[in-house]
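Inspection log for the structure reproduced underneath, given as structure tokens.
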Amino acid sequence: MNYTRFLNAVSLARQPSPIRVLTAIVAQSGPSMISLAGGMPNPNLFPFQEAEFKLRDGTVLRLSEEKMKVALQYGASNGFSDLLGFLKKLQKSLHNPPNFTWKAEKGGIDICVTPGSQDGLLKSFEMLVSPGDNVIVDSPTYAAALTALRPLGCRLLAVETDQHGTIPSSLRSVLSQCETSRGNFPKFMYTIPNGVNPTGATLTLDRKQEIYSIARKYDLLILEDDPYYFLQFSSPRIPSFLSLDEDGRVLRFDSFSKILSSGLRVGFVTGPGPLVERIVMHLMVSSMHSSTIAQAS
């Protein structure tokens, strides 16, 4: 896929932050390397030495002194390496996306950790949307997503929903109207497949397959915002858009807020390498990275 066509001028102009790139190299080099270039504090001077977290079942999680030194230090912008390794195995186990083994630069799966999934969502909007763009959203949908999109100067195209989520025939109708108009053709659709906020609707597999087929026909990205994935009542869980993604056109947003803690502010974005790379470049010059102690915990 040609991912460049989806990116706006601001995202195309982004370059990796040299300091952030250096920080990632230092983080992987171990304690023997001492660098003065990144402004990294001496970890031996951090006031917190170790920590323990007691779970409700009595299990105790301990961050040793060495782990604390890492957790309290600047980290790589894409995420804590141990957590990234876990997340890649998790996504392979849960979703097994067809593009998992592709090279990242060719649209294969990559992952980055964000300060909550909403931060990843906002950075994706700011990566894709230009003033005057048409953006496809469900009606109704998550209020915070609409609040993030409106200041970007885009036009929101509402797709009808029912108790089973997005109605494919309505999506086709909206796209057909776009084909005959002079406006900018949509580059992506934003959808919540499970437990839509505010309706609670959940997309069926048949509808997901039909929507993905429509996305392929019109060359749309699918932004799959799925914080409620683990709260499904059906067994087995309904396959995700990511699991259907044969082209590398799905950006998936996951969160620990609904299953572990909303205050940890740890989410993650899974999708094609060229798009995740752009999100990481934005992280480099904004929050720099998610809280490393929250990731290590």
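Using modelled backbone amide H atoms (1.01 Å from N, in-plane), which distant-in-sequence or interchain residues come within less than 5 Å of Arg155's amide H?
Distant-sequence amide H within range of Arg155: Gly132, Asp133, Asn134, Val135.
Nothing charged except the Cβ atoms of Lys and Arg (+1) and of Asp and Glu (-1): what's the magnitude of the dipole of segment 1-145 about its Cα centre? Round to the nearest 20 debye.
Working: 14 positive and 12 negative charges, 64 e Å.
It works out to roughly 300 debye.
Treating the Cα atoms of segment 47-194 as identical point scatterers in vacuum, please give the log10 of the normalised Debye intensity I(q)/I(0) at q = 0.09, 0.14 Å⁻¹, two decimals.
-0.47, -0.93
Against the globular-protein guess of 2.2 N^0.38 Å, express the Cα radius of gyration of segment 1-118 as a ratio, rounded to two decimals. Please list the in-between numbers first.
Details: Rg = 18.1 Å, N = 118, 2.2 N^0.38 = 13.5 Å.
For segment 1-118, the normalised Cα radius of gyration comes out at 1.34.
Measure up Lys67/Lys123; Lys69/Lys92; Lys69/Lys103; Lys123/Lys208; Lys103/Lys258 against 27 Å on the Cα-Cα distance and list the ones that go over. Numbers along the way, then the final one.
Numbers: Lys67/Lys123 29 Å; Lys69/Lys92 30 Å; Lys69/Lys103 33 Å; Lys123/Lys208 25 Å; Lys103/Lys258 32 Å.
Table pairs above 27 Å Cα-Cα are Lys67/Lys123; Lys69/Lys92; Lys69/Lys103; Lys103/Lys258.
Return the carbon/sulfur percentage of the accessible area of the chain, one whole number, probe 1.4 Å, all protein chains in place.
54
Just how many % of Cα pairs in segment 181-297 lie over 25 Å apart, if you round to the nearest whole percent?
That tail contains 31 percent of the Cα-Cα pairs.
Per residue, what accessible area does the chain have, given a 1.4 Å probe and all protein chains present, in Å²?
With the other protein chains kept in place, the chain gives 49 Å² per residue.
Please give the helix 117-128 orientation as an angle from the longest Cα principal axis of the chain, in degrees from 0 to 90, rounded to the nearest 10.
60
Could you work out the per residue convex hull volume over the alpha carbons of segment 134-195, in cubic angstrom?
Enclosed volume per residue, from the Cα hull, is 74 Å³.
Mind grabbing the base-10 log of I(q)/I(0) for segment 143-241 at q = 0.16, 0.24 Å⁻¹? Debye formula, identical points on the C-alpha positions, no solvent, two decimal places.
-0.71, -1.46
Suppose accessible area is computed on protein heavy atoms with a 1.4 Å probe; arrange Val137, Val21 from highest to lowest. Don't jump to the answer; show the numbers that get you there.
On the way: Val137 5, Val21 60 Å².
Largest accessible area first, the list is Val21, Val137.
Sorting Thr180, Thr191, Thr161 by accessible area (1.4 Å probe), largest first, what list results?
Correct descending sequence by accessible area is Thr180, Thr161, Thr191.
Along segment 2-17, what does the Karplus equation 6.51 cos²θ - 1.76 cosθ + 1.60 (θ = phi - 60°) give for ³J(HN,Hα), rounded to whole Hz, x for Gly and Pro?
For segment 2-17, the Karplus curve yields 8, 6, 4, 5, 7, 7, 7, 5, 5, 5, 5, 7, 5, 10, x, 6 Hz.
List, in order, the whole-Hz ³J(HN,Hα) value for each residue of segment 193-210 obtained from phi through the Karplus relation with A = 6.51, B = -1.76, C = 1.60 and θ = phi - 60°; use x for Gly and Pro.
So the J values, rounded to whole Hz, are x, 10, x, 3, 8, x, 8, x, 5, 10, 5, 7, 4, 4, 5, 4, 4, 5.
Work from the charge dipole of segment 33-118 (Cβ charges, +1 for Lys and Arg, -1 for Asp and Glu, about the Cα centre) and give the residue of Ala51, Ser93, Ile111 farthest towards its positive end.
Ser93
Provide Rg over Rh for the chain; use the alpha carbon set for both Rg and the Kirkwood Rh (inverse mean inverse pair distance).
Taking Rh as the inverse mean 1/r over Cα pairs, Rg/Rh reads 0.99.
Which of the aspartates and glutamates could be linked to Lys217 by a straight reach, that is with a Cα gap under 16 Å, when you skip same-chain ones fewer than 8 residues away?
Candidates past the 8-residue exclusion: Glu179, Asp245, Glu246, Asp247.
Residues with amide H under 5 Å of Val250's amide H, sequence separation 5 or more or different chain, H placed in the peptide plane at 1.01 Å from N; which?
The answer is Ile222.
The values are calculated or read from the model by the stated rules, or taken from the named source; none is laboratory data. Predicted model only: the values in this text are computed from it and were never measured. Virtual Cβ from ideal backbone geometry, glycine too; neighbours counted across all protein chains shown. Quick note on the areas: whole protein, heavy atoms, side chains included, nothing else; ligands and nucleic acids left out. Shrake-Rupley method; radii C 1.70, N 1.55, O 1.52, S 1.80 Å.
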